[in-house]
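Colleague: The structure is given below, and queries will be raised subsequently.
The values are calculated or read from the model by the stated rules, or taken from the named source; none is laboratory data. Keep in mind that this is a model prediction, so the values were computed, not measured. Neighbour counts are summed over all protein chains in view; Cβ atoms, including those assigned to glycine, are modelled from backbone coordinates with ideal geometry.
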Amino acid sequence: MYRAEHRALRELHATGRQLAGHWWRLGDRLGEPSARALQDGAAVARAMVTELAKQTAERGLHGFPAAQTVGSRLADLRKQGEKV
């Protein structure tokens, strides 16, 4: 596997985790009917991350904890965008 592919998989893992958490919390804030759609999307993102973790582990790659750094950077960027 190329380094770029490895990095892309780590970023996909981090982005999926970030998306799932963000959509779940956003759904809590908005309430019905938006909450159901966002939380369903969060569940799909979590399922994708779970499947991705299985697939990458079979190849000796792991999205955790390396993906945490990418995820925290994404969260920081989103927070900075909210301040603007």
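Colleague: Only one of 53, 20, 47 is modelled with pLDDT of 85 or more and in contact with a Phe, Trp or Tyr (Cβ under 9 Å, 6 or more places away or on another chain); which?
Modeller: On the way: 20 fails: in contact with a Phe, Trp or Tyr (Cβ under 9 Å, 6 or more places away or on another chain); 47 fails: in contact with a Phe, Trp or Tyr (Cβ under 9 Å, 6 or more places away or on another chain).
The match here is 53.
Colleague: Starting from segment 1-13, keep only residues that are assigned to a loop (DSSP other than H, G, I, E, B), then list their pairs with residues that are among the charged types (D, E, K, R) whose Cβ atoms are within a distance under 8 Å, requiring at least 6 positions of separation or different chains.
Modeller: 1/59
Colleague: Determine which member of the set 77, 38 is more than 10 Å from the chain's Cα centre (by Cα) and modelled with pLDDT under 90. Write out each step before concluding.
Modeller: Numbers: 38 fails: modelled with pLDDT under 90.
Criteria check complete, one pass: 77.
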